[in-house]
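Note sheet for the following structure.
The values are calculated or read from the model by the stated rules, or taken from the named source; none is laboratory data. None of the values given here were measured: they were computed from a predicted structure. FYI the Cβ positions are ideal-geometry reconstructions off the backbone, even for glycines, and counts take in every protein chain you see.
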Amino acid sequence: AIEMDNIKNKNTKRTYRHALLYLQKFGGFGSMESISVKDIQRFNQFMINCGLAASSRKLYHDKIKAVLERAVKNEMINGNPYSKFTFDKCKSRDVNYLTEDELAQIINHEWSGATKRCVDLFLFQCFTGLSYADTQSLSKDMVVSDGDKLYIERKRVKTGVYYRITMLPVAKKIWLEY
């Protein structure tokens, strides 16, 4: 069983829940001892048929693999069938960046209500370079001022690496608004 209480990051918990949800929709694997590479391949095909992108499928496979690795470590099963499963590498997609004109259109458009908050969050991320997880966990004590400049100082949620970011005018305006 997955000990969800030991998982601190809410996004990691959510990913485990989603992996479990798809595994349940698939009908499960039966017992851990009976899982074969063919079962994993059938599960992968099931997720393809559900329309999941390769990156999502890989993420769910990684979570199930981790559970099975823990079962091996705890001597609940003899081997991890994922050691024989190869996942096709995700094809990288071309990234379409917003142009300065497109960003200006977003900034200058009159947004309201919940849409305005979503757009502000998006723009704040654009002008700070912060990930969604880092933006969501940002608090006032992580923002320091030096004269008229604001800086974000903290460690990345995912990696624990320290960083200091100067807030650009658009990000500063959004920060001060909320």
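M76 meets all of the listed conditions (1) under 30 Å from Q45 (Cα atoms); (2) modelled with pLDDT of 95 or more; (3) among the aliphatic types (A, V, I, L, M) but one, namely (2). All told, I64 falls short of being in contact with a Cys (Cβ under 9 Å, 6 or more places away or on another chain) and either among the β-branched types (V, I, T) or within 30 Å of R42 (Cα to Cα) (or both). Contact annotation: residue pairs with Cβ atoms under 8 Å, 6 or more positions apart or on different chains, pairing a residue in the range 130-148 that is at pLDDT 90 or above with a partner that is hydroxyl-bearing (S, T, Y), are T135/T128; V143/Y151; V144/Y151; S145/Y151.
Filtering K10, K63 for residues that are among the charged types (D, E, K, R), within 30 Å of F124 (Cβ to Cβ) and surrounded by 15 or more Cβ atoms within 10 Å (Cβ to Cβ) leaves a single hit, K63.
Go over the candidates Y97, Y82 one by one and state the one that is in contact (Cβ under 8 Å) with a residue 40 or more places away in the chain, more than 23 Å from R156 (Cα to Cα) and out of contact with any Asp or Glu (no Cβ under 7 Å at 6 or more places or on another chain). First the steps, then the outcome.
Details: Y97 fails: in contact (Cβ under 8 Å) with a residue 40 or more places away in the chain.
After applying the criteria, what remains is Y82.
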